[in-house]
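J.: Here it is, the structure in full.
The values are calculated or read from the model by the stated rules, or taken from the named source; none is laboratory data. All figures in this text were calculated on a predicted structure; none of them were measured in a lab. Glycine also receives a Cβ, built like all others from the backbone with ideal geometry; neighbour counts cover every protein chain displayed. When the accessible area is computed, the model is the full protein with side chains, heavy atoms only, and any ligands, DNA or RNA have been set aside. Shrake-Rupley method; radii C 1.70, N 1.55, O 1.52, S 1.80 Å.
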Protein chains: 2
Amino acid sequence: MKHSSFLAQQFAFLEEADRLKNILRATPIHDDSRPENSGEHSWHVALYAMVLAGHAAPEVRIDRVIKMLLLHDLVEIDAGDTPIHGDFDAAEQEAKEKLAADRIFGLLPAAQALEFRALWDEFEAAETPDAIFGKSIDRVQPLALNMASGGGSWREYNVTLDQIDARVGTKVARGAPTVWTYIRARVEHFFVTQD
Amino acid sequence: MKHSSFLAQQFAFLEEADRLKNILRATPIHDDSRPENSGEHSWHVALYAMVLAGHAAPEVRIDRVIKMLLLHDLVEIDAGDTPIHGDFDAAEQEAKEKLAADRIFGLLPAAQALEFRALWDEFEAAETPDAIFGKSIDRVQPLALNMASGGGSWREYNVTLDQIDARVGTKVARGAPTVWTYIRARVEHFFVTQD
């Protein structure tokens, strides 16, 4: 009986998580056919972390980073996605996301709810090596998608290379400097050839 | 220079992987609004593994299972998805998937290509505890989605409870018997109330 209600809580969480597939991001998928959703984005950034693990600081535990990335966007089910190049009230968004985390992780059995919430809080705080690398990875993936799709959210928001350096570059370079050097050169080339 | 070409190979793989978001499965998402794609499915099953880890055999290393699940469907970019309740030639599909694995994992730097291919081969062989649990997880997620969406791929393929027991139940029960007991009761209830 206890076993069954434990599983019922876990499945309630997993079935609620499916709603992340309906949350749309500012970035299109590679062929510019439609916006990326936050479910498939979460898969893609977890794969990015797995592939780019060798570019992380030596103390980074990639298995924890992957778990953080699998969870990091779940709060968007209630709070929505806030495009990095869009306008939003950061404090208001943070409050919404904390309420969302209370509700969504709260669907899980108590010990697991605490464990997942702690991973999400750590990611959001961006202070530990694992969270810093995870945040870098989360920021680098849209750069590749925007280039593949011919501009993507840069086009929509009229973003300049200086704005990318300021809003994205600082975050990517903090956790994955060699990755930033590589992708920054491609982004610059993209902007030069688009003009 | 070497560093940069190494990253170029890794990004070629990650950008090719984006095509998985255009591969559609037989199962709809929870609200029956559209088919699930294999990219968001890969995220969802990795999350399932993370949540249901406590129901795995004690020797299962969940971090390896999560990595297998992040990679397991990439071959569908070339080989397509084969619905478990549909008709397909298993040997022909296996041959197509092996060619796809050669091409797609072959985009990565050599050592990483070998490492990822070995994880994929292990998952496909379904002989190690990690692969057996991963396969169970991959089979249990569509059951919940089919129930949430009012029948999903069961409705489309006129699937009976006996067929679910034979085609899905044996695989779920092999790696996650307590999970099967729980979800099997819900599936039976679903079928009874649909009649």
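J.: From the label point of B:Gly151, set 7 Å along Cα to the beta carbon, how far off in nm is each other copy's matching point, shortest first?
T.: Listed shortest first, these distances are 4.6 nm.
J.: To the nearest 10 degrees, how steep is helix A:90-105 against the longest Cα principal axis of chain A, on a 0 to 90 scale?
T.: 40
J.: With +1 on each Lys and Arg Cβ and -1 on each Asp and Glu Cβ, and nothing else charged, work out how big the dipole of the range A:61-125 is about its Cα centre, in Debye to the nearest 20. Could the numbers behind the result be given before it?
T.: Working: 7 positive and 15 negative charges, 80 e Å.
Rounded to the nearest 20 debye, it is 380 debye.
J.: Okay, moving on. Measuring from a point 7 Å out along Cα→Cβ, what nm distances, shortest first, does A:Gln194 have to its partners in the other copies?
T.: Reported distances to equivalent positions: 4.7 nm.
J.: Something else: Given charges of +1 on the Cβ of Lys and Arg and -1 on the Cβ of Asp and Glu, with all other atoms neutral, how large is the dipole of the range A:52-195 about its Cα centre, in debye to the nearest 20? Mind showing how you got there, number by number?
T.: Details: 15 positive and 24 negative charges, 98 e Å.
Roughly 460 debye for the range A:52-195.
J.: Further, regarding this structure: For the protein assembly as shown, which whole percent of the accessible surface, found with a 1.4 angstrom probe, sits on carbon and sulfur atoms? Write out the running numbers ahead of the final one.
T.: Details: 8810 of 16250 Å².
C and S atoms contribute 54 percent here.
J.: A further question follows. Placing a label point 7 Å from Cα toward Cβ, how far apart in nm is A:Ala57 from its equivalents in the other copies, listed shortest first to one decimal?
T.: In nanometres, ordered from closest: 3.9.
J.: Within 10 Å of each candidate Cβ there may be at most 10 other Cβ atoms; applying that plus a DSSP loop requirement, which GluC sites (Glu not before Pro) in the range B:22-81 survive?
T.: Working: sites: B:Glu36, B:Glu40, B:Glu59, B:Glu76; in loops: B:Glu59.
Listed in order of number, the matching sites are B:Glu59.
J.: Just in the range A:1-109: which chymotrypsin sites (Phe, Trp or Tyr not before Pro) are loop by DSSP and have at most 15 other Cβ atoms within 10 Å?
T.: Qualifying residues, ordered by number: A:Phe88.
J.: Let me ask something else about it. For the range B:2-194, calculate the relative contact order in percent as a whole number, restricting contacts to Cα pairs under 8 Å that are 6 or more residues apart.
T.: Relative contact order here is 26 percent.
J.: Right, here's the next one. I'd like the Karplus ³J(HN,Hα) series for the range A:66-73: coefficients 6.51, -1.76, 1.60, θ = phi - 60°, whole numbers in Hz, and an x wherever there's a Gly or Pro.
T.: Ordered by residue, 3J(HN,Hα) equals 4, 4, 4, 5, 5, 9, 4, 9 Hz.
J.: Got a sec to turn the phi values of the range B:75-87 into Karplus ³J(HN,Hα) couplings, 6.51 cos²θ - 1.76 cosθ + 1.60 with θ = phi - 60°, whole Hz, x for Gly and Pro?
T.: Running phi through 6.51 cos²θ - 1.76 cosθ + 1.60 with θ = phi - 60° gives 4, 5, 4, 9, 9, x, 8, 10, x, 4, 9, x, 9 Hz.
J.: Need the list of aspartates and glutamates near A:Lys21 for cross-linking: C-alpha distance under 16 angstrom, and skip anything on the same chain fewer than eight residues off.
T.: A:Glu36, A:Glu40, A:Asp73, A:Glu76, A:Asp78, A:Asp81, B:Asp18, B:Asp31, B:Asp32, B:Glu36, B:Glu40
J.: With axes computed from alpha carbons, what is the tilt in degrees of helix A:2-17 against the longest principal axis of chain A, rounded to the nearest 10 within 0 to 90?
T.: The answer is roughly 20 degrees.
J.: Further, regarding this structure: Short version: ³J(HN,Hα) in whole Hz for each residue of the range A:52-60, in order, from phi by Karplus 6.51 cos²θ - 1.76 cosθ + 1.60 (θ = phi - 60°), x for Gly and Pro, what are they?
T.: Using θ = phi - 60°, the values come out as 9, 3, x, 9, 7, 4, x, 7, 6 Hz.
J.: Now, a different point. Run through the range A:109-195 and list the GluC sites (Glu not before Pro) located in a DSSP loop whose Cβ has at most 12 other Cβ atoms within 10 Å. It would help to have the intermediate numbers written out before the result.
T.: Working: sites: A:Glu115, A:Glu122, A:Glu124, A:Glu127, A:Glu156, A:Glu188; in loops: A:Glu127.
In loop regions of the range A:109-195 (DSSP not H, G, I, E or B), the sparsely surrounded GluC sites (Glu not before Pro) are A:Glu127.
J.: Under the rule of -39500 (n - 2.57) per DSSP H run of 4 or more residues, summed and divided by the residues of chain A, what mean residue ellipticity at 222 nm is obtained, to the nearest 500 deg cm²/dmol? Provide the component values of the computation, followed by the final result.
T.: Values: 11 runs with 130 residues, N = 195.
Result for chain A: -20500 deg cm²/dmol, rounded to the nearest 500.
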